[in-house]
Amino acid sequence: MATLPSIVEPRVRRVPDVATGGPPRRGRGRNLLAVGLFMGPAAILLGAIVVYPALATIARSLYDRSGGTFVGTDNYRTLFGSTEILVAIRNNAIWVIVFPVLVTFIGLVFAVLTERILWSTAFKTIVFMPMAISLFATGVIWRIVYETDPHRGVINSAVGTVVDTFHAPGSYASATNIKPSTATLTARPDGGMASTATLSRGDTAQLGLTGILPEFVPTGARDAQPPATASGAITGVVWRDFSVGGTPGVIDGGEKGLPGMHLDLLSADGSTAATTTTDLSGAFRFDNPPAGSYRVAVDAANFRAPFGGVNWLGVQSLTPTSGLGTTARALLSIPLADISAIVAMLWVWCGFAMVVIGAGLAALNREVLEAAKVDGATEWQTFRHVTFPLLRPVLIVVFITMIINVLKIFDIILALVPDSSHQEANVIALKMWELGFTGGQNLGLSSALAVFLFVLVIPVIFLNIRRIRG
Amino acid sequence: MTSTALPSASAPAPAAVETPRAPRGARLRRVLNRTTLNVVLVAIGLLWLLPTVGLLVTSFRTNTDYFSSGWWQGLTHPAALTIQAYKDIIHSSGLVNALVTTVLITVPATLLVVLIASLAAYSLVFLRWRGRDWVFILLVALMVVPLQMALIPVATMYKWIHDTLGLQLFGTVAGVVIYHVAFGLPFAIFLMRNFYAGIPKDLLEAARIDGAGEWMMFRRIVLPLGKPALASLAIFQFLWVWNDLLVSLVFNSGNPNQPFTVFIFSQIRQFGANIEFFSTASFISMVIPLAVFFAFQRSFVRGVLAGAVK
């Protein structure tokens, strides 16, 4: 074996101590024995559990599922012919493209910002902390965060608050079985209702509704009264047309008006001429509409459901896939679950990036930065042309570490992604485990996938060796 | 990168150098900027804490409460919080067994890696032998080999050892420990070697002249000097093994020797129905790693910085 230029500093030559008799001279044999004893345990373990098995996996990937028959490259052909496996590879590709860039960027931003605050240690501790938590527990944590029901999931709750503010849910949203009971009122396709009878000034309308549970009638509602005519106005009442022994379409005693109902006055051409809202007894009044014939409509907004929550861990695709065949659709879609898992993983690793980049920042030569400032560079110019180039080696370390990390991603997908999205959000390491250790136990195919994963990290091996040898 | 090249991240950043007095408007803008920055970072910090707090509060609520309202309602209605789930889970024998198994795996796997790696690193730095530079390069290469690469042959090997020697490794704590130690070694040796390379050789030469053997020098000089690196390594390895799921899932699932992560995983299909169990068990699994993290944060950060290549 050729000797490499030594990476370790040359040793000082041993000086034999003659005067005192000194230590017995160590022969070559003794030195070898020492090397054997010190290096031995590590060498045996690495040889038996890492190096030999890794080579054996390469060999195993050329045999069939039970290992009895040599099949050449069949497993690799199966690998790249299986949609499920290709989807797993596609997802790893998404992870590799998106995740390292984001982590490095956010880590850099955090590192730069924390340099300017007094409580940077506290901030770093908080952001760094998730690294101590198992990725499996992280999956459980984020599954709770991502709950679809806005009453349970904190993200959907926040999104729901915003959506409902700008797009308020109807006060009768809970009454999902609501139906008109007066013959002149019919349901419209948008979810609202409109009277079929035309009205003009001085007319009245009675709009009866059924299918509303008593608890869905707003508190404070008073008994409905037959509307009084008013000259120059269209008046009417909207009421809950249900009472024991009552007649449908008639306001019986004790039937409540429906307050807060948004009504539209529709012109003959269907456009909205006026709007109003019912009072506590369900009565309404359109004052002085221009002469003409109108219809009254119960606006769909009354029944609009509140924000129902986004299924963050679902398979809805972020890329358009309509018009594609089944296989192409499976391969070209980007399920939302991928992105949600990436966000959860960012929560874990941004602290790492921040700490490593922060250490790099602290090690920078302050004089260079000061010189830039003295020369009149703005803060951004200093960062862009001085700090950033000096930090590049550190950023590359973080970036590469994240690539390796993401290639091996396993636990978090297993814990976070529900069964219903599992295949769509699968990744190589998880698929490899499933192929080899669950169900079918196809050890040949599983080995082939492990080898594929290994091939992906080979460039990193060379990069690291180059970096470490300088 | 060596462990000594980068100062600890928790070291205070050098004080900002005084700049010439800025006009009043600029100074006001700077104060405002600083306020904005602090507000933004406080918000980010709270955001970062939110998921963990959510899990913690959820673990103190009943299943019924979980389905009827968000965990944040638990903060305003503390009376509804209960430790019942913790009581239930601790009284179920599965959890205690799994916790004990996790400790039985983690402690030996950590100690063995620390010991074996320091020995190997000693021989890489202080003993002169042919090919040691090649061995070091091989170690750097092995550092990124995915542990998935060895699962199938090692499982086969464990079965073969059982059939020929009668020694059961598959499905035992020992089998998992061996796997973790082996895959922890490349990084561990790399870390320790870099640290030992910073120890002045003269120290050892002096001892050698005084007649100390290699073992003596390792025990009396190198090991004590290497303590900071050993601590970093131990914490790293501890967290890594404690939090592992895959290795135990392959070698140790579905039997009484399954560790905590596998124990929780085995119930994952009931996630929707039994959030009480998941939140509580997950939180219990986090307690020790978090305690280790907070107690030895400095060492942990040092390890992260020294081994940012793993």
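The values are calculated or read from the model by the stated rules, or taken from the named source; none is laboratory data. Quick caveat: nothing in here was measured; it's all calculated off a predicted structure. Note that each Cβ is placed from the backbone with ideal geometry, even for glycine, and that neighbours are counted across all protein chains shown.
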* Among the residues of the stretch A:75-86, which ones are touching a residue at least 60 places away in the same chain (Cβ under 8 Å) and under 16 Å from residue A:450 (Cα atoms)? -> A:75, A:76, A:78, A:79, A:84, A:85, A:86
* Asked: Is it true that some residue in the stretch A:268-275 is aliphatic (A, V, I, L, M), in a loop (DSSP other than H, G, I, E, B) and within 23 Å of the chain's Cα centre (by Cα)?
  -> no
* Asked: Is it true that residue A:323 is without any contact (Cβ under 8 Å) to a residue 24 or more places away in the chain, part of a loop (DSSP other than H, G, I, E, B) and either buried (at least 19 other Cβ atoms within 10 Å of the Cβ) or at positive phi (or both)?
  -> yes
* Asked: If residue A:228 passes every condition in (1) in contact with a helix residue (DSSP H, G or I) (Cβ under 9 Å, 6 or more places away or on another chain); (2) closer than 26 Å to residue A:292 by Cβ but one, which one does it miss?
  -> (1)
* Working carefully through the options A:351, A:257, A:253, A:245, find the one that is farther than 19 Å from residue A:180 by Cβ and either acidic (Asp, Glu) or touching a Phe, Trp or Tyr at 6+ places or on another chain (Cβ under 9 Å) (or both). => A:351
* Asked: Can you tell me which residue in the stretch B:269-310 is modelled with the highest pLDDT, limited to those that are surrounded by fewer than 17 Cβ atoms within 10 Å (Cβ to Cβ), hydrophobic (A, V, I, L, M, F, W, C) and more than 19 Å from residue B:51 (Cα to Cα)?
  -> B:295
* Asked: If you scan the stretch A:110-150, which residues turn out to be in a loop (DSSP other than H, G, I, E, B), surrounded by fewer than 24 Cβ atoms within 10 Å (Cβ to Cβ) and over 18 Å from the mean Cα position of the chain (by Cα)?
  -> A:115, A:116, A:117, A:118, A:119
* **Residue tally, condition assigned to a helix (DSSP H, G or I) and closer than 28 Å to residue A:347 by Cα, over the stretch A:404-451** => 21
* Inspect the stretch B:178-200 for any residue being at pLDDT 85 or above and more than 28 Å from the chain's Cα centre (by Cα) and give the result as yes or no. => yes
* Asked: Quick check: anything in the stretch B:160-181 buried (at least 24 other Cβ atoms within 10 Å of the Cβ) and either charged (D, E, K, R) or facing chain A (nearest Cβ under 9 Å) (or both)?
  -> yes
* **In the stretch A:244-267, the residues that are within 49 Å of the chain's Cα centre (by Cα), in a loop (DSSP other than H, G, I, E, B) and not charged (D, E, K, R)** => A:258, A:259, A:260, A:261, A:267
* Asked: Can residue B:31 be described as in a helix (DSSP H, G or I) and farther than 30 Å from residue A:375 by Cα?
  -> no
* Asked: Does residue A:332 satisfy being more than 14 Å from chain B (Cβ to nearest Cβ), in contact with a Leu (Cβ under 7 Å, 6 or more places away or on another chain) and over 30 Å from residue A:184 (Cα atoms)?
  -> yes
* Among the residues of the stretch B:205-262, count how many are touching a residue at least 24 places away in the same chain (Cβ under 8 Å), in a helix (DSSP H, G or I) and within 19 Å of the chain's Cα centre (by Cα). => 22
* Within the stretch A:233-282, how many residues are touching a His at 6+ places or on another chain (Cβ under 9 Å) and either surrounded by 20 or more Cβ atoms within 10 Å (Cβ to Cβ) or closer than 20 Å to residue A:213 by Cβ (or both)? -> 1
* Structure fact -> Contact list, first residue from the stretch A:31-56 and at the interface with another protein chain (Cβ under 7 Å from one of its Cβ atoms), second anywhere and basic (Lys, Arg), beta-carbon distance below 8 Å, six or more apart or interchain, is A:31/B:128
* Structure fact -> For the stretch B:263-286 the number of residues that are without any contact (Cβ under 8 Å) to a residue 24 or more places away in the chain, within 9 Å of chain A (Cβ to nearest Cβ) and closer than 20 Å to residue B:65 by Cβ is 3
* Total residues in the stretch B:170-185, condition free of Cβ contacts under 8 Å to residues at least 24 places away in the same chain and not in a helix (DSSP H, G or I) -> 0
* Output the number of residues of the stretch A:363-385 satisfying the condition of being in a helix (DSSP H, G or I), closer than 19 Å to residue A:111 by Cα and in contact with a Ser or Thr (Cβ under 8 Å, 6 or more places away or on another chain). => 1
* Candidate set: the stretch A:57-81, residues that are exposed (fewer than 15 other Cβ atoms within 10 Å of the Cβ) and within 35 Å of the chain's Cα centre (by Cα); chosen: the one farthest from the other protein chains (Cβ to nearest Cβ) -> A:81
* Can you pull out the residues in the stretch A:182-228 that are among the β-branched types (Val, Ile, Thr) and either surrounded by 12 or more Cβ atoms within 10 Å (Cβ to Cβ) or not in a loop (DSSP other than H, G, I, E, B) (or both)? -> A:182, A:184, A:186, A:198, A:204, A:210, A:212, A:217
* Name the residues in the stretch B:43-87 that are more than 13 Å from chain A (Cβ to nearest Cβ), among the aliphatic types (A, V, I, L, M) and exposed (fewer than 15 other Cβ atoms within 10 Å of the Cβ), would you? -> B:79, B:80, B:83
* Asked: Which ones in the stretch A:31-51 are under 18 Å from residue B:161 (Cβ atoms) and aliphatic (A, V, I, L, M)?
  -> A:44, A:45, A:46, A:48, A:49, A:50, A:51
* Asked: Looking at residue B:198, is it of a type outside the set (Ser, Thr, Tyr), surrounded by fewer than 17 Cβ atoms within 10 Å (Cβ to Cβ), assigned to a loop (DSSP other than H, G, I, E, B) and free of Cβ contacts under 8 Å to residues at least 40 places away in the same chain?
  -> no
